[in-house]
Structures are given as structure tokens and as C-alpha cells.
Amino acid sequence: MTPTRSAARTAGRTDGGGRRAIVTGAARGIGLGLATRLVEEGYDTTLVDVDRCVESAAAALDASFAVIDLTAADASTRLNALVDAEPCWLLVNNAGIFDKTPLLEIDLAEWDRVQAVNARSMVATMQAVVPSMVGAGGGRVVNMASMAAKVGTPGEAAYAASKAAVVALSRIAATEFGGHGITVNSVCPGYVLTDMGADTRDDEQVAGWVSMSPLGRLANADDIASLVIYLASDGASYITGQALNVTGGMCTN
Ligand SMILES: NC(=O)c1ccc[n+]([C@@H]2O[C@H](COP(=O)([O-])OP(=O)(O)OC[C@H]3O[C@@H](n4cnc5c(N)ncnc54)[C@H](O)[C@@H]3O)[C@@H](O)[C@H]2O)c1
């Protein structure tokens, strides 16, 4: 018998219970799906995004929000203000942008922008938020990487390099924060049909990706959220420094 999601939730303790969670890139897509699940699980959730739509997204969830460009010079200061009053248990660095350009045609300014949003921003958010976890005696950081960090696809050089940086950054952060009871992991989703990359895909490509999964489907935001919620739980306290796939078996390394 297939367990229902609520039965699965009961079996795997999630420990939301009013704990504070901050999710970046939460105005839409995977981040919004995750924020929705975190609110359902009882986390006191703050949605962060550069897109002002984050305000209505947060209002629909009865959650708090902040409009912040994570590449801006004041991003760290503004994020730090979010944890002034209440420390954060879970930081999910999910904001990201996609780029699909053949390597020999990549504009170097665009390369820098992809690295800044996808990887450098996580340094700023961790510098802003992790000290509150240290003060509170523990916490969880989950950094959104991608299957692209592990599998080569033409045209994804800037994106894949940024996601490989996320995996390496998370591994180092795990070694530096572990002594404070803080775990750091990266999550590597496969293909999720969100707005990301919508302008560069067609039905044939989507069918090609579906055929790569033994499960015969693409991921949805809930598939990714389920892993993040587990990583935030007390049961995941001995998992750190990992780059965990949620790819429906498309990628097994
Ligand atoms: N969709 C996929 O197939 C897929 C696969 C693997 C990994 N991912 C990763 O998952 C994460 C979420 O992807 P998604 O598909 O939901 O994308 P999306 O484009 O739907 O959402 C990304 C969000 O990040 C926000 N954002 C972008 N730049 C920002 C900045 N400078 N400051 C603050 N917020 C910013 C956007 O406004 C948007 O709300 C990304 O890191 C992405 O690389 C997605």
C-alpha cells in the first residue's frame, strides 16, 4: 500500500513547531512550494525575493517577507536585520537564475551575474544568518544546487559552474559550522517545470528529460520540499556536507 503524504509526515518527525525558517527565491517556483510546505509544517517562515510578488505570496501563506536583491551590496545587512529579534533554525538558499549559452558565446558579464546570484549570494546570506544559529546552539543550512553540478549538458557552462560552486561551498561550510551543531547540505534537483528555463525548452526536450528518469516523470516542487523538510528535522542531525540528488534517478553520482 502506498502511504499518504500525511501518513509519511507522521512517520518522519519534521519538528517545525514554531522554528524560524528563511527561504530565498520564494516568490514562485520551488521556493514558493517549499515555503508553503514549511508553513504547513509549523515553521515561522520568511519569504525573501528580489521580485515584489513575494509580498502577495507571503500574504497568501500568512507568512512574513522581505524584498531583497541578494547580489546587492546591502543584502547581508538587510538579511541580518531579519534575525535580529529571533534566530533562524533553517536557512534555505534557493534563489537562482538560469543561463543557456554556448561556451564560446558567453558574455563574461553574464557569467559573473550567474555566479553572483547562484553562488556568491549564499556567502552573503550565510554570513548574515549563521551567527544567529551559532548563538542559538544549532541550525540547518540547505543550499539549492542542481543536477547540473554533476551532469554535463551543452550550453549550461555558467549555470553548471555556479552549481558546482554551491556544492563545494556547502561542503566547506559543513566543516566550519559543524562544531556549532549546524548542518549544511546542498540539494541537487533534476528537472522541475517552473518558470526557470521556460523560454529555452520545447516539448521534445521535456520528453527527452522524462525518458531519462526510471520513474518516467519530471520532479515537482513538492519532491524537492520533502527532502528539505527532512534535512531540517531532528532526524537528519547527522547528515552534513552532502550533495543530495532529487532527480528521479536521472543522476546517480
Ligand atoms: N527548475 C529546475 O528544473 C531546477 C533544477 C535544478 C535546480 N534548480 C534550482 O532551484 C532553485 C529554484 O528554481 P526555480 O525553478 O524555482 O526557479 P524560478 O525562476 O521559478 O525561481 C527563482 C526565484 O529566485 C528569485 N531570484 C532570482 N535572482 C534573485 C536575486 N538576485 N535576489 C533574490 N531573489 C532572486 C526569482 O525572483 C525567483 O522568484 C534555483 O536555485 C535553481 O537553480 C531548479
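The values are calculated or read from the model by the stated rules, or taken from the named source; none is laboratory data. The shown structure was predicted, so the numbers you read here are calculated from the model rather than taken from an experiment. Just the protein is used for accessible areas: all its heavy atoms, side chains included, with ligands, DNA and RNA removed. Shrake-Rupley method; radii C 1.70, N 1.55, O 1.52, S 1.80 Å.
Looking at the chain, the accessible area is 47 square angstrom per residue; that uses a 1.4 Å probe and ignores ligands, DNA and RNA. Please work out whether the stretch 22-124 counts as rounded, prolate or oblate from its C-alpha gyration tensor, where a ≥ b ≥ c are the square roots of the eigenvalues and a/c under 1.5 means rounded, while otherwise a/b larger than b/c means prolate and anything else oblate? The shape class here is prolate.
Anisotropy class assigned to the stretch 15-55 is prolate, per the alpha carbon gyration tensor with a/c at or over the 1.5 cut-off and a/b larger than b/c. Here the Gaussian network model covers the chain, with springs between Cα atoms less than 10 Å apart; of Val67, Val142, Val130, Val67 fluctuates the most.
As an exercise, find the ratio Rg/Rh for the stretch 116-159 from alpha-carbon atoms, using the Kirkwood inverse-distance average for Rh. Walk me through the numbers on the way to the answer.
Values: Rg = 14.2 Å, Rh = 12.5 Å.
Taking Rg over the Kirkwood Rh, I get 1.14.
For the stretch 57-201, the relative contact order works out to 27 percent when only alpha carbon pairs closer than 8 Å and six or more residues apart are counted.
Highest GNM mean-square fluctuation among Val187, Val50, Val166, for the chain modelled with Cα contacts below 10 Å: Val50. Along each principal axis, taking the top coordinate minus the bottom one, the Cα set of the chain gives 52, 47, 37 Å in descending order.
For the stretch 137-253, the normalised intensity computed at q = 0.21, 0.23 Å⁻¹ comes to -1.17, -1.32 (log10 of I(q)/I(0), Debye sum over alpha carbons, equal scatterers, no solvent). Applying a length cut-off of 18 Å (Cα extent along the axis) and a mean Kyte-Doolittle floor of -1.0 to the DSSP H helices of the chain leaves 121-136, 157-177. Measuring between their Cα centroids, the stretch 186-209 and the stretch 102-152 lie 20 Å from each other. Across Arg28, Arg20, the residue with the most accessible area heads the list, and the full order at a 1.4 Å probe is Arg28, Arg20.
Relative contact order for the chain: what percent, with Cα pairs under 8 Å and sequence separation of 6 or more?
The normalised contact order for the chain reaches 20 percent.
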